[in-house]
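Below is one structure, written out as structure tokens; comments come after it.
The values are calculated or read from the model by the stated rules, or taken from the named source; none is laboratory data. The shown structure was predicted, so the numbers you read here are calculated from the model rather than taken from an experiment. Cβ coordinates were reconstructed from backbone atoms using ideal geometry, including for glycine residues, and neighbour counts include every protein chain displayed. Each accessible area value is taken on the protein alone, full model and side chains, heavy atoms only, with ligands, DNA and RNA left out. Shrake-Rupley method; radii C 1.70, N 1.55, O 1.52, S 1.80 Å.
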Amino acid sequence: MTDATLNDDLRHEITTLLDSAGIHTDRGLIARMLQTAVMLGTEHTDRLDLKIASAALREMHDAFRLFQPFQHVPKVTVFGSARTAQDDPLYVQARDVAAALAGDGWMVVTGAGPGIMQAAAEGAGAKMSLGVSIRLPFEERMDTVVGQDAQVVSMKYFFTRKLMLMKESRGFICLPGGFGTMDEMFELLTLQQTGKAEPMPIVLLDEQGGAFWTGLKTFVDEHLAPAGVISPNDLDRVLITDSVDEAVANITSFWRNYDSLRWVGDRLVLRLVHEPTDADIASLNERFGGMCAEGSIERTAPLDVEVSDGDAVELPRIVLNLAQRSVGSLFALIRAIDDLPSAA
């Protein structure tokens, strides 16, 4: 059975259920989820597959409910090792960077475990931290009052946990860690490289004088880039630093003038906080006009589809037809937008 062959009686039953539940907003999306669940049953789906689908949907629901009250609060996710001891300089770095960002009004999202995760939760404090924990048979938990009182949701699956650690945040800070941290960090880079996620600031933060992340950069520069498996500038969008102040500034300054983006057909719309001047547009074209597949960077009113969707129509914006291979340069363009005289 497919969406197209779902019989009229079942469609009517789903419509009746939505009416009885008082669901009027986004009915099509809710109906599609119910239809998919019905199809899983009619197609004799394996029980283990059903358990995975059921648990994943339930976990996402629980996580969405945890994050929903804070949807308008900017968030940064801190990744790092669960094995970092409390007397380790990296623990102090994680605690200090989280405290600084929380002081600027940012909520800190962590994996709600020990080590770096606990340090970041401590730094942010219970009211300014959100945790997405994973149930593991041999992993320790946070052992502080902050850990006990933090706003936390528990996950069974890594893929649902990783979704929530990345979905809501507008910046990411990675401290040294093992396989899990590397997995999270490389997924961030992959999502950015492929354009599957909106541009976000990513900071690789080390202890003062540390060489953990510089060793990664050496591997990228000496092996990955020469082999042609990545572009030479793919790591340029990432800040590698041992300074808490630099890490905080990199996250917060990214949003000084840039607000968001949207694709409308082949055109990329960048929404700004401040109206760009003619001189600003001329400067952007001089520096980044080569990113355009055709035409130039232009100031524009909200496009028709943005108006019909009510999508940030109050903000000024620019538009360009971005060349396919210029996604990596988009970060440089955003940083230039943040540095425009009109944004001062």
Checklist line | Scope the stretch 31-53; condition open to solvent by less than 50 Å² (accessible area, probe 1.4 Å), free of Cβ contacts under 8 Å to residues at least 24 places away in the same chain and among the hydrophobic types (A, V, I, L, M, F, W, C); matching residues | finding: A31, A53
Check: Is it true that some residue in the stretch 15-27 is open to solvent by 90 Å² or more (accessible area, probe 1.4 Å), farther than 29 Å from L205 by Cβ and among the acidic types (D, E)?
Finding: yes
Checklist line | Hits in the stretch 187-228 - residues which are open to solvent by less than 30 Å² (accessible area, probe 1.4 Å) and on the phi > 0 side of the Ramachandran plot | finding: none
Check: How about the stretch 306-333: which of its residues are among the hydrophobic types (A, V, I, L, M, F, W, C) and closer than 28 Å to R237 by Cβ?
Finding: A312, L315, I318, V319, L320, L322, A323, V327, L330, F331, A332, L333
Margin query: So in the stretch 237-286, with the set limited to residues that are without any contact (Cβ under 8 Å) to a residue 40 or more places away in the chain and more than 24 Å from T214 (Cβ to Cβ), which one is least open to solvent (accessible area, probe 1.4 Å)?
Written below: I281
Next item on the list: Evaluate the following for V319: is it hydrophobic (A, V, I, L, M, F, W, C) and over 18 Å from S253 (Cβ atoms)?
Entry: yes
Check: Do we have any residue at all in the stretch 322-331 that's touching a Leu at 6+ places or on another chain (Cβ under 6 Å) and open to solvent by less than 70 Å² (accessible area, probe 1.4 Å)?
Finding: yes
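Can you tell me which residues in the stretch 287-314 are among the aliphatic types (A, V, I, L, M), open to solvent by less than 50 Å² (accessible area, probe 1.4 Å) and farther than 26 Å from L191 by Cα? It would help to see each step written out before you state the result.
Taking the stretch 287-314 first, the residues among the aliphatic types (A, V, I, L, M) are 291, 293, 297, 301, 303, 305, 307, 312-313.
Okay, now just the ones that are also open to solvent by less than 50 Å² (accessible area, probe 1.4 Å), so 291, 297, 303, 312.
The answer is L303, and nothing else.
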Check: When the residues of the stretch 54-92 are filtered to those that are closer than 10 Å to I116 by Cβ and touching a Gly at 6+ places or on another chain (Cβ under 6 Å), which remaining residue is surrounded by the fewest Cβ atoms within 10 Å (Cβ to Cβ)?
Finding: R83
Item checked: Members of the stretch 44-77 found to be closer than 21 Å to G105 by Cα and in a loop (DSSP other than H, G, I, E, B), listed by number -> Q71, H72, V73, P74
Margin query: Test of understanding: among A56, A63, which residue is under 16 Å from the mean Cα position of the chain (by Cα) and either of a type in the set (G, A, S) or at negative phi (or both)?
Written below: A63
Checklist line | Answer residue from the stretch 150-189, given it is of a type in the set (F, W, Y) and not in a helix (DSSP H, G or I) and is farthest from F64 (Cα to Cα) among those | finding: F172
Next item on the list: Collect the residues in the stretch 93-104 that are open to solvent by 30 Å² or more (accessible area, probe 1.4 Å) and either in a loop (DSSP other than H, G, I, E, B) or in contact (Cβ under 8 Å) with a residue 24 or more places away in the chain (or both), keeping them in residue-number order.
Entry: R95, D96, A99, A100, D104
Next item on the list: Determine, yes or no, whether E168 is of a type in the set (D, E, K, R) and surrounded by fewer than 17 Cβ atoms within 10 Å (Cβ to Cβ).
Entry: no
Checklist line | Considering residues of the stretch 22-43 that are charged (D, E, K, R) and assigned to a loop (DSSP other than H, G, I, E, B) only, the residue nearest to the chain's Cα centre (by Cα) | finding: D26
